[in-house]
Amino acid sequence: MRSFITLTVLLTAVCSTFTSAAPISLPDVSVPSVSSVKSDVSSLYKELSLPGREIKIRSSGDIAVEIPIPSVAVVFTTVFTQIQPLTDQLTFITANNATVAAISPVIAQIKTQLTSAVSQLQALVGQDSSVILAPVEGTVSLTVDELAALIASDLCLLFTALGAVLKVVIGDVRAEVLPILTDLGCDVVSILKIVVTLVAGIVASLSPLLAPVVAIIASLGLSDLLSLLGLSL
């Protein structure tokens, strides 16, 4: 009985300790107002809004920042970095291995790259000139002459390779390959038509730089390209 009384006294003492303890103080939690949240979002929007970058605010309130739109120089550099190994293959084709089976797959891969360039360049329509003429590296916009030099270098690389194929294909192989090469040239026409609309005055800078490949362009029957650039034999 005595042990029961002792236990009761102990429990009473413990309970009195908890009930008499000072209340726990919690740190103040500041709940931002709706107006301050809107202000913060607006500031973030301004920080993220750069030329060529599209900002979207979803219905959930999330902000989605899309990848900056590549400039003309970036598109050409990226695409022709992929194309160069393919043009190298065409350049070193010989009469012994110049078959439709050998040439067609290479041309198809080049065509895929050029087709991707068309869609990327179309995305630049309506963009600010700072986006269209943005360099591959750095922040200073390219001049029209600098961009023309970059494009001419890439196109000369391509048409020189096509010219190398024309030199070695004969007979039935030539009859089958020529339309494929011409079709590839038409993709170049599509690309340059977009570039001409994007960059005023580029034709005057670009045309003289393509003089080394004018004969090849003509041999492919690309009269539209010659006309677009004001070129002639």
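Would you say residue 142 is surrounded by 12 or more Cβ atoms within 10 Å (Cβ to Cβ), closer than 21 Å to residue 204 by Cα and of a type in the set (A, V, I, L, M)?
Yes: the conditions hold for residue 142.
Provide a single number: the residues in the stretch 191-207 that are assigned to a helix (DSSP H, G or I) and either of a type in the set (A, V, I, L, M, F, W, C) or more than 20 Å from residue 133 (Cβ to Cβ) (or both).
Result for the stretch 191-207: 10.
Going residue by residue through the stretch 125-132, is there one that turns out to be crowded, with 18+ Cβ neighbours inside 10 Å, out of contact with any helix residue (DSSP H, G or I) (no Cβ under 8 Å at 6 or more places or on another chain) and either assigned by TED's automatic domain parsing to the domain that holds residue 80 or not basic (Lys, Arg) (or both)?
yes
Any idea which of 202, 151, 170 is within 29 Å of residue 95 (Cβ to Cβ) and in the same structural domain as residue 94 (by TED's automatic domain parsing)?
Result of the check over 202, 151, 170: 170.
For the stretch 71-116, what are the residues that are touching a residue at least 24 places away in the same chain (Cβ under 8 Å), in a loop (DSSP other than H, G, I, E, B), over 15 Å from residue 159 (Cα atoms) and out of contact with any Gly (no Cβ under 8 Å at 6 or more places or on another chain)?
Within the stretch 71-116, 94, 95, 98, 99 meet the criteria.
Applying the selection to the stretch 183-209, what residues are closer than 10 Å to residue 147 by Cβ and surrounded by fewer than 17 Cβ atoms within 10 Å (Cβ to Cβ)?
none
Could you tell me how many of the residues in the stretch 214-233 are surrounded by fewer than 20 Cβ atoms within 10 Å (Cβ to Cβ), touching a residue at least 12 places away in the same chain (Cβ under 8 Å) and in a helix (DSSP H, G or I)?
Adding up the residues that qualify gives 7.
When you scan the stretch 121-152, how many residues do you find that are touching a residue at least 24 places away in the same chain (Cβ under 8 Å) and either touching a Pro at 6+ places or on another chain (Cβ under 6 Å) or assigned to a loop (DSSP other than H, G, I, E, B) (or both)?
Within the stretch 121-152, residues that are touching a residue at least 24 places away in the same chain (Cβ under 8 Å) and either touching a Pro at 6+ places or on another chain (Cβ under 6 Å) or assigned to a loop (DSSP other than H, G, I, E, B) (or both) number 12.
The values are calculated or read from the model by the stated rules, or taken from the named source; none is laboratory data. Predicted model only: the values in this text are computed from it and were never measured. With ideal geometry, Cβ positions are generated from the backbone for all residues, glycine too; neighbour counts draw on all protein chains shown.
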